[in-house]
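Derivation of every value follows stated rules applied to the coordinates shown; laboratory data play no part. These numbers were taken from a predicted model, which means no experiment stands behind them. Cβ coordinates were reconstructed from backbone atoms using ideal geometry, including for glycine residues, and neighbour counts include every protein chain displayed.
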Amino acid sequence: MGEHIPMRMCIACRAMHPQNEMLRFVRDIKDGMIKPDTDKSLFGRGAYICKNGKCIALAKKKNGLARHFKCEIPHTIYKTAEELI
Ligand SMILES: [Zn+2]
């Protein structure tokens, strides 16, 4: 048996990848804003995007994060995501 690595689905391409290789976004319980979980300290149900420009662009085009969290999210979040890859 190998080491168990949780797999998560990319909201853009729908492929499954190990959680630790993806960008994670969560709703911050303090201010309700959707944020990238850059230091893996935010709790809650996350949305995941592959760490590549193609998936970030696709997520932006599909409004993926807004659809996932069912709220309006400024498109600047995708620029922030690009800076994290
Ligand atoms: Zn992807």
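Values as computed for the structure displayed
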item	result
The range 46-62 residues that are at negative phi, paired with ones that are of a type in the set (S, T, N, Q) (beta carbon under 9 Å, 6 or more apart)	46/19; 48/19
Selection count where residues are without any contact (Cβ under 8 Å) to a residue 24 or more places away in the chain and among the aliphatic types (A, V, I, L, M), scope the range 1-22	4
Neighbours by Cβ (under 9 Å, 6+ apart or cross-chain): first from the range 74-85, without any contact (Cβ under 8 Å) to a residue 60 or more places away in the chain; second among the aromatic types (Phe, Trp, Tyr) and not in a helix (DSSP H, G or I)	77/25; 81/25
Residue match in the range 45-67 (condition: touching a Lys or Arg at 6+ places or on another chain (Cβ under 6 Å) and of a type in the set (Ser, Thr, Tyr))	yes
Those residues of the range 30-41 which are in a loop (DSSP other than H, G, I, E, B) and either in contact with a Phe, Trp or Tyr (Cβ under 9 Å, 6 or more places away or on another chain) or aromatic (Phe, Trp, Tyr) (or both), in sequence order	37
Among residues of the range 1-23, those that are of a type in the set (Lys, Arg) and surrounded by 18 or more Cβ atoms within 10 Å (Cβ to Cβ), counted	1
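A quick yes/no check of all residues on (1) charged (D, E, K, R); (2) within 13 Å of the ligand (Cβ to nearest atom); (3) assigned to a strand (DSSP E or B):
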site: 44; (1), (2), (3): no, no, no
site: 49; (1), (2), (3): no, yes, yes
site: 54; (1), (2), (3): yes, yes, no
site: 60; (1), (2), (3): yes, yes, no
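Matching residues to (1) crowded, with 17+ Cβ neighbours inside 10 Å; (2) over 18 Å from residue 10 (Cα atoms):
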| position | (1), (2) |
| --- | --- |
| 32 | no, yes |
| 40 | no, no |
| 47 | yes, no |
| 50 | yes, no |
| 56 | yes, no |
| 68 | yes, no |
| 73 | yes, no |
| 76 | no, yes |
| 82 | no, no |
